[in-house]
Amino acid sequence: MTDEPRRTDHAHDDPTPPDVPVDLSAAVEAEQLPEDAFEEAVDGGPVAPVTDDAVIAAPTDDDLDGGISPERLVDYLDAGRQPYDPEIEESPEAVAQLAALERLRTMGARLLEVDAADAPAPDPSWISGVMDRVRLESRAGRPIPLASIDERSTLHITEGAVRSLIREAGDGVDGAMVISCTIHGDVSVPGALVRVEVVISGLFGEPLPTLAEGVREAVVSSLSRQTELVLESVDVIVDDVHLQSEGGAA
Amino acid sequence: MSADLTEAADAVLASRAAEGDERAFEVLLRRHLGLMTAYATRLTSSRADATDAVQEASITIWRELPTLETPAAVRGWMMRIVSRKAFDLIRSRRLTDDVDDLELASATPTADPERLAASNDAMGALRAALDRLPASQRQVWALREVGGESYTEIAERTGTTVTAVRGQLARARETLTREMEAWR
Amino acid sequence: MSDDDGLGARISAPDLSLLAAELGEIAASVDGVVHVRARPGFGSVVRSALQGLSTVVGGGGAFGALAPAAPAGSAPDAELADPSSAEAAAAASPGRPVPLVGIAVADLETRITLDIAVDESGSGPLVARAVAQALLDRVSGEPVPPASVDLRIVSVATGA
């Protein structure tokens, strides 16, 4: 049996799969029957050569490089038992151990949910403390000039404030929710043409072009009242669709 | 009528928060605060430390949200920041990984007698088994199983090697499966 | 502007601080202003931007311009306000907060700096101009070099 680099896909919501570089020093080379090696591992011997100072004595003198180490089982489990490995799947002990690992994983996930739900509700002052600190680091972005009252005074509205205007305007359209917005152009030059791009999510069932037009109009109206930006265009892109009560799922 | 942010998907909240929407950030934070706290508690074995770590993580999350390339992955991304801050705290408390810290195990908030005794449900049995693990094994297990971090990331976090991490994980899993199967 | 004194008449630091507090109240009372905020980094900005800086007050709590003004090329006999005395004097009653509006007095100009949040029911640019004018109107007649306003709208509030 040859070893090939295994890509382990961790079974989590996180779409960024963790890299699991194959540690070839722990690679299994089948020199003995898989079942024998597995039994040794199940008996509690070390499953991988450990190079730090925690040395664990092997239960037998046998070469533990054979067969199915628990680590290999876990990697197999992480990969969703794909591709099908007959050596593992046809070994009753391996399958049993896989089942135990799977039970552990499931239980672990459930435990996390319980602990998360049990976590005491945050102190209101804790949250407001965090939000106060957050507000200190507000994303002002580029300062956007407003016509001033004299030569030396300067009046601006921040790009951050304008983005929040766009969000509010878009959100205010029934069925629409702003996902992101961008102001393209040199906003520091008064009178320069700028192009606003708004990405929204639309309520399922709503006619999307109508929604997009509603958002466009709301944004144009808001920006014309609150800024002096000269708008070349306001482009609204419907990038997503949402249901009425999604429950906030990720 | 304004759209309800509390119903919005993580990706939308993360996008908006990255662009400066403080309300969206607060909704996102509240949504995952329990999870983040539970994770930090399992890593630090101290509710107080966990709260501190999560607070620092929250500010860092706000700061670094503009760098997140896939907003949909924000939850896992936030958890990684939590573990970063938890380990900053652990290091500053001078807990070293190569010490099997039994005192630490008994200091966990979940290791109260009532819970330990009442292992008549599998959950309690697992919680107790986790609490009995040496701190380093428990941390590595949590980083992998809860945080979904890669071996490389875990090695960086704990200041060890990938091989050592695999070893710790194997031992932790072995102990836990043995205790859970025994409980069955 | 004073003509007989080449350095320009000086307002005392405590009085300047009182003025800054008053400007904050004036700004906040302009129709359409939701609240006034200190400009983050106000102190360091004016120190690098203004020539002949002599007194800096305000700019808010943690971001208050508390460090001494050390302008490049200042006249040797220019009075430099000692920040601790300025603050101590300004806090005539203990616990008085540092004014949010920042005022920097330099050789040739007085710069007034602030951020504001406005209500979306009004027009941001109009409110901004109204605030700037109100502040300049108040400062004219004070013994300071010609004043200018540096104002930013940092937030447009809806409803609440």
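Values for this structure:
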{"quantity": "Residues satisfying the stated conditions in the stretch C:7-36, i.e. surrounded by fewer than 18 Cβ atoms within 10 Å (Cβ to Cβ) and of a type in the set (D, E, K, R)", "calculated": "C:D15, C:E22, C:E25, C:D31"}
{"quantity": "Close pairs from the stretch A:102-125: first outside the structural domain of A:L73 (by TED's automatic domain parsing), partner surrounded by fewer than 18 Cβ atoms within 10 Å (Cβ to Cβ) and modelled with pLDDT of 90 or more, Cβ under 8 Å, at least 6 apart", "calculated": "A:P122/B:R30"}
{"quantity": "Selection within the stretch B:12-35 - facing chain A (nearest Cβ under 7 Å) and either closer than 16 Å to A:I200 by Cβ or of a type in the set (V, I, T) (or both)", "calculated": "B:V12, B:S15, B:R16, B:E19, B:D21"}
{"quantity": "Any hit, the stretch A:167-176, residues being more than 30 Å from C:V149 (Cβ to Cβ), without any contact (Cβ under 8 Å) to a residue 24 or more places away in the chain and not in a loop (DSSP other than H, G, I, E, B)", "calculated": "yes"}
{"quantity": "Candidate set: the stretch B:163-184, residues that are surrounded by fewer than 22 Cβ atoms within 10 Å (Cβ to Cβ) and farther than 19 Å from A:A109 by Cα; chosen: the one nearest to the other protein chains (Cβ to nearest Cβ)", "calculated": "B:T163"}
{"quantity": "Every residue from the stretch A:190-210 that is among the hydrophobic types (A, V, I, L, M, F, W, C) and under 17 Å from A:S233 (Cα atoms)", "calculated": "A:A192, A:L193, A:V194, A:V196, A:V198, A:V199, A:I200"}
{"quantity": "Residue among A:V162, A:V220, A:V194, A:V173 that is farther than 30 Å from B:A57 by Cβ and within 12 Å of another protein chain (Cβ to nearest Cβ)", "calculated": "A:V173"}
{"quantity": "Tally, over the stretch A:149-158, of residues that are at pLDDT below 95 and under 21 Å from A:G185 (Cα atoms)", "calculated": "0"}
{"quantity": "Residue in the stretch A:200-215 that is β-branched (V, I, T), farther than 25 Å from B:A24 by Cα and either touching a Leu at 6+ places or on another chain (Cβ under 8 Å) or not in a helix (DSSP H, G or I) (or both) present", "calculated": "no"}
{"quantity": "A:S201 being surrounded by 13 or more Cβ atoms within 10 Å (Cβ to Cβ), in contact with a His (Cβ under 7 Å, 6 or more places away or on another chain), in the same structural domain as A:H156 (by TED's automatic domain parsing) and of a type in the set (G, A, S)", "calculated": "yes"}
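This table checks each residue for (1) assigned to a loop (DSSP other than H, G, I, E, B); (2) within 20 Å of B:A40 (Cα to Cα); (3) at pLDDT below 90.
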position	(1), (2), (3)
A:G108	no, yes, no
A:L111	no, yes, no
A:V130	no, yes, no
A:R133	no, no, no
A:S138	yes, no, yes
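The values are calculated or read from the model by the stated rules, or taken from the named source; none is laboratory data. Small disclaimer: the values here were computed from a predicted structure and weren't measured. We place every Cβ from the backbone using ideal geometry, glycine too, and count neighbours over all the protein chains shown.
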